[in-house]
């Protein structure tokens, strides 16, 4: 194996542009996430204290271990808050630009809609729509390839879970029409 200085650079034509304005800084994200985790730790700690977080004659009560895990989470959150306020350098660094945020939302919004559609259309129809939509809109793949791939994947998923392993999955009106 030779030790050459060859570097391969691949340009992504769909990469976000470099001069896109910042949406939020790293410091703000650090503070917000630490505060959310601290609030979660307080709620979990209170709830586990309420259900019993001590040791009785039969051993630990139901909230014993979760209570102390929430204490650890709270301490880590306080450490994160302190680190965010001490580190001034990260406070001005860009966490995400507008172009990057747009790409994240291009995945997050359809995935959220998939979760909602699963409740009404069932897992298989919602999966078909998600896969075909991603391939067509995000991947810019031909419509027939998108539909065929989505159908094959969804059919394989149906055969695997419903036929072979008899796993109960969320079903919608299409499955009901076919008697499943």
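The values are calculated or read from the model by the stated rules, or taken from the named source; none is laboratory data. The structure presented is a predicted model; accordingly, all values stated were derived computationally and were not measured. Backbone-built Cβ (ideal geometry, glycine too); neighbour counts: all protein chains shown.
Here are the numbers for the structure shown:
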{"read-out": "Answer from 138, 92, 125 - the residue that is in the same structural domain as residue 26 (by TED's automatic domain parsing) and touching a residue at least 24 places away in the same chain (Cβ under 8 Å)", "value": "92"}
{"read-out": "Given (1) touching a residue at least 40 places away in the same chain (Cβ under 8 Å); (2) within 30 Å of residue 18 (Cβ to Cβ); (3) touching a helix residue (DSSP H, G or I) at 6+ places or on another chain (Cβ under 8 Å); (4) surrounded by 15 or more Cβ atoms within 10 Å (Cβ to Cβ), index of the condition residue 110 fails", "value": "(1)"}
{"read-out": "Boolean, residue 74 is buried (at least 16 other Cβ atoms within 10 Å of the Cβ), modelled with pLDDT of 95 or more and under 30 Å from residue 52 (Cα atoms)", "value": "yes"}
{"read-out": "Helices (runs of 4 or more DSSP H) enclosed by region 86-144 - at least 2 residues per element that are at pLDDT 90 or above and more than 30 Å from residue 175 (Cβ to Cβ)", "value": "98-121"}
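For (1) in contact with a strand residue (DSSP E or B) (Cβ under 7 Å, 6 or more places away or on another chain); (2) at pLDDT 95 or above, each residue gets a yes or a no:
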{"residue": "2", "(1), (2)": "no, no"}
{"residue": "5", "(1), (2)": "no, no"}
{"residue": "12", "(1), (2)": "no, no"}
{"residue": "15", "(1), (2)": "no, no"}
{"residue": "19", "(1), (2)": "no, no"}
{"residue": "25", "(1), (2)": "yes, no"}
{"residue": "35", "(1), (2)": "no, yes"}
{"residue": "51", "(1), (2)": "no, no"}
